[in-house]
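Here the structure comes first, spelled out in structure tokens, and everything after it is commentary.
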Amino acid sequence: MYDEMFEGYMPPKELILRPLQVEIVNMLRESFGKANRVVLMAGTGLGKTIIATHIIKSASNRGKRCLFINDRITLVNQTSGVFTEYGVKHGVIMADHYMNFPDRPVQVASIQTIARRDIGNFDLIVWDEAHTIFKAHKKVLKDNPDALVIGLSATPFSKGLGKYFDFHIEPYTVRQLINHGLLCDFEVYGPEIYDLSAVKTVAGEYNQKELAAVTDQTHLVADVVSTYLKLGKGRKTICFCTNVAHGRHLVKSFGRSGIKAVDVNAYQSPEESKENMRMFIEGEVDVICSVEILIKGFDLSSVDCVVWATATKSIIKWIQGCGRGLRTHDGKTLCRIIDHGGNCERLGFPDSYEFLQLDDGKHQESKNKNQDKPEQLPKKCPSCDYLKAAGVRKCPACGFIPQFTQDVEVVEGELKKIQRKERKEFTLQDKKEFLGGLNQYAEDKGWKQGKKGVYGASIHKFKEKFGCTPSNQIPWDYKCPINDDVKKFIQHSNIRFAKSKEKETANVDTNSLHGKMINLDTPCECGSAKGMLYPKGPHLGVECVMCSKWQKWVSGDEAMGKAF
């Protein structure tokens, strides 16, 4: 039996946590005094799996049943190997797996396997890559309502994640990890952003077909291969592509320039993908191209160059992808990020994103939800001219399978190093306090509230200040004391408004309105409903025609429209 013959063949290593990891474990224990479900936001290099191994080992020693959930089948063996290395007795929930020991208190499983079977109940559940949510995750939580749940993620920004976890903790930011020497520093080279305004967003990301159409026409501002020869040659490189065809074209282009490259994609056989990964890991090739397979879960510390030959709207994908090059390695001082898609200028540096709270999923419905989708037309088989249904690769008539070999148009240009702007950068907390002050001012003024307690005037002023509406991470009905920044902004807004009114009435001859009457919006205390105008600079005062009591000020334009 494998259990007795091999698992104890090598003595387990002693699991010694670094000081930062000890601090994180203590923070998690403290968090479980407040809630049962907590997300640990920990970046690449902090050792999330080691932390989870320590917690699971401690819990199992106390007789607790523990479950570690991987988001991919391919990562199960990796997690199982770490558990074995540190002496955690465990089983793997997978058909015909050599570690299939269902009676053990600790189990490792992929979410794909869990979706197909009943796995029982557990006291502690560790959910790896918690920003990825499947129906099976929801079922596990429903079946284990009293279990302690730890979500592990460097990017817990997914919509609705707050419905399944109570809150998150972020012990250290990416920049703090870099400063502690746990991650490698980086620099970004990138172009101006090309126009993606016509590309729709689906589930928080660019529509892949529309993105491919844009990149096939205008594509990247600089030629990926020639730029790599200038900035990345000699570096171990991951290149993220727009689609499989683009990746294969880049592999050929790299080869023509004397750069050894391979690609990995979902259409390859497991053997081919495994062999290509081996070649890259062992240094037989310099570049590996991928669409999304290497975005997460691929940890090779020697990677010191990340090429983005595609565009993304997902902050999760951007941070995760850049993180593939941030692990420390002997002789590695800097990771170079070559950004052809304008992602850095669109989303910010991978260490600059500030996160306040988990998304509870209570957002407006997508504007594209009810739009009609264009009809998918049949395509002609290039081998026998048979018309295939849309989405069918293998020709039903002759069996021909087209290869992804189309070329991608490039536009000449030169990438430049992106510098951090010196101007004041507002954090999410700054923006939250600014909106809170605006809402408090609106409440003090008695302004009308909209749906769910939101003040439209506050949102308008926020957009005037920052150029966009508040992030969904900020509660739009949040209120807090008015700080000096809000006071100054309101004062300057009022001054601008007054000056604009003066300009509007500059061409109005107010003297010509002297002595004319207007109807009062609210009758005077004496009962009169009419007022008399008298000029005062660009404005006009209104007095009651009966008792001469002052009523209000009006602009020249308003008086011109109401005087009689």
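Of the residues examined, Ser548 is not one that is among the small types (Gly, Ala, Ser) and modelled with pLDDT of 75 or more.
Among residues belonging to segment 266-291 that are in contact with a strand residue (DSSP E or B) (Cβ under 8 Å, 6 or more places away or on another chain) and closer than 26 Å to Asp128 by Cα, point out the one that is surrounded by the most Cβ atoms within 10 Å (Cβ to Cβ).
By that ranking, first place goes to Cys289.
No other residue among Phe240, Phe167 is over 30 Å from Met27 (Cα atoms), within 18 Å of the chain's Cα centre (by Cα) and at pLDDT 75 or above apart from Phe240. Of the residues examined, Val39 is one that is touching a Pro at 6+ places or on another chain (Cβ under 8 Å) and closer than 24 Å to Ala136 by Cα.
Suppose the filter is at pLDDT below 80, touching a helix residue (DSSP H, G or I) at 6+ places or on another chain (Cβ under 8 Å), not hydroxyl-bearing (Ser, Thr, Tyr) and not in a helix (DSSP H, G or I); does Gln406 pass it? In short, yes. The residue list Phe101, Phe122, Phe68 contains one member that is in a loop (DSSP other than H, G, I, E, B), of a type outside the set (D, E, K, R) and touching a residue at least 60 places away in the same chain (Cβ under 8 Å), which is Phe101. For Ser269, indicate whether it is among the hydroxyl-bearing types (Ser, Thr, Tyr), modelled with pLDDT under 90 and out of contact with any helix residue (DSSP H, G or I) (no Cβ under 9 Å at 6 or more places or on another chain). Yes. Return the residues of segment 341-351 that are in contact with a helix residue (DSSP H, G or I) (Cβ under 6 Å, 6 or more places away or on another chain) and assigned to a loop (DSSP other than H, G, I, E, B); say none if nothing qualifies. Within segment 341-351, Pro350, Asp351 meet the criteria.
Regarding segment 60-72, can at least one residue be identified that is surrounded by fewer than 22 Cβ atoms within 10 Å (Cβ to Cβ) and within 28 Å of Phe157 (Cβ to Cβ)? Yes, segment 60-72 contains at least one residue that is surrounded by fewer than 22 Cβ atoms within 10 Å (Cβ to Cβ) and within 28 Å of Phe157 (Cβ to Cβ).
Going residue by residue through segment 431-442, is there one that turns out to be exposed (fewer than 12 other Cβ atoms within 10 Å of the Cβ), at pLDDT 85 or above and within 18 Å of Ile482 (Cα to Cα)? Within segment 431-442 (the criterion being exposed (fewer than 12 other Cβ atoms within 10 Å of the Cβ), at pLDDT 85 or above and within 18 Å of Ile482 (Cα to Cα)), the answer is no, since none of the residues qualifies.
Counted as qualifying within segment 218-330 are the helices (runs of 4 or more DSSP H) with 1 or more residues that are among the hydroxyl-bearing types (Ser, Thr, Tyr), namely 224-231, 244-256, 270-281. Would you be able to say whether some residue in segment 356-368 is surrounded by 10 or more Cβ atoms within 10 Å (Cβ to Cβ), modelled with pLDDT under 60 and on the phi > 0 side of the Ramachandran plot? Among the residues of segment 356-368, not one is surrounded by 10 or more Cβ atoms within 10 Å (Cβ to Cβ), modelled with pLDDT under 60 and on the phi > 0 side of the Ramachandran plot, which makes the answer no.
Could you list, in sequence order, all residues of segment 51-97 that are in contact with a Pro (Cβ under 9 Å, 6 or more places away or on another chain) and basic (Lys, Arg)? Listed by number, the residues that qualify are Lys64, Arg65, Lys89. Filtering segment 308-339 to residues that are closer than 14 Å to Phe240 by Cβ and among the hydroxyl-bearing types (Ser, Thr, Tyr) leaves Thr310, Thr312, Ser314. In the condition set (1) in a helix (DSSP H, G or I); (2) farther than 15 Å from Leu148 by Cβ, Ala59 is compliant with all but (2).
Restricting Gly258, Gly297 to residues that are in the same structural domain as Lys332 (by TED's automatic domain parsing), at positive phi and at pLDDT below 90 narrows the list to Gly297. Taken across segment 106-129, residues that are of a type in the set (Ser, Thr, Tyr), assigned by TED's automatic domain parsing to the domain that holds Leu67 and within 30 Å of Gly342 (Cα to Cα) do not occur at all. Screening Asn179, Asn207 for residues that are at pLDDT below 90 and within 30 Å of Ser301 (Cβ to Cβ) leaves exactly one candidate, Asn179. Screening segment 302-341 for residues that are at pLDDT 90 or above and of a type in the set (Ser, Thr, Tyr) and picking the one that is nearest to Arg278 (Cα to Cα) gives Ser302. The number of residues in segment 94-132 that are closer than 27 Å to Arg29 by Cα, of a type in the set (Lys, Arg) and at pLDDT below 90 comes to 0. Determine if segment 25-35 includes at least one residue that is in contact (Cβ under 8 Å) with a residue 60 or more places away in the chain and among the β-branched types (Val, Ile, Thr). No. Do the conditions hold for Ala498, that is, is it over 30 Å from Glu354 (Cα atoms), among the small types (Gly, Ala, Ser) and at pLDDT below 75? Here the answer is yes, as Ala498 does meet what is asked.
The single condition from (1) crowded, with 17+ Cβ neighbours inside 10 Å; (2) modelled with pLDDT of 70 or more; (3) of a type outside the set (Ser, Thr, Tyr); (4) within 17 Å of Trp308 (Cβ to Cβ) that Lys230 fails is (1). Find the residue count for segment 254-265, including only residues that are buried (at least 20 other Cβ atoms within 10 Å of the Cβ) and either more than 20 Å from Gly283 (Cβ to Cβ) or without any contact (Cβ under 8 Å) to a residue 24 or more places away in the chain (or both). Going through segment 254-265 one residue at a time, the tally reaches 1. For segment 144-155, the tally of residues that are without any contact (Cβ under 8 Å) to a residue 24 or more places away in the chain and surrounded by fewer than 20 Cβ atoms within 10 Å (Cβ to Cβ) stands at 1. Restricting attention to segment 106-131, and to residues there that are surrounded by fewer than 18 Cβ atoms within 10 Å (Cβ to Cβ) and farther than 20 Å from Phe32 by Cα, which single residue is nearest to the chain's Cα centre (by Cα)? Going through the qualifying residues, I end up with Gln112. Going through segment 466-487 one residue at a time, which ones are of a type outside the set (S, T, N, Q) and either touching a helix residue (DSSP H, G or I) at 6+ places or on another chain (Cβ under 6 Å) or within 26 Å of Lys163 (Cβ to Cβ) (or both)? If the condition is that a residue be of a type outside the set (S, T, N, Q) and either touching a helix residue (DSSP H, G or I) at 6+ places or on another chain (Cβ under 6 Å) or within 26 Å of Lys163 (Cβ to Cβ) (or both), then Cys468, Pro470, Ile474, Pro475, Trp476, Asp477, Tyr478, Lys479, Cys480, Ile482, Val486 are the ones that fit.
The values are calculated or read from the model by the stated rules, or taken from the named source; none is laboratory data. Since we're looking at a predicted model, the values are computed, not measured. Using ideal geometry, Cβ is built from the backbone for each residue, glycine included, and neighbour counts are taken over all protein chains shown.
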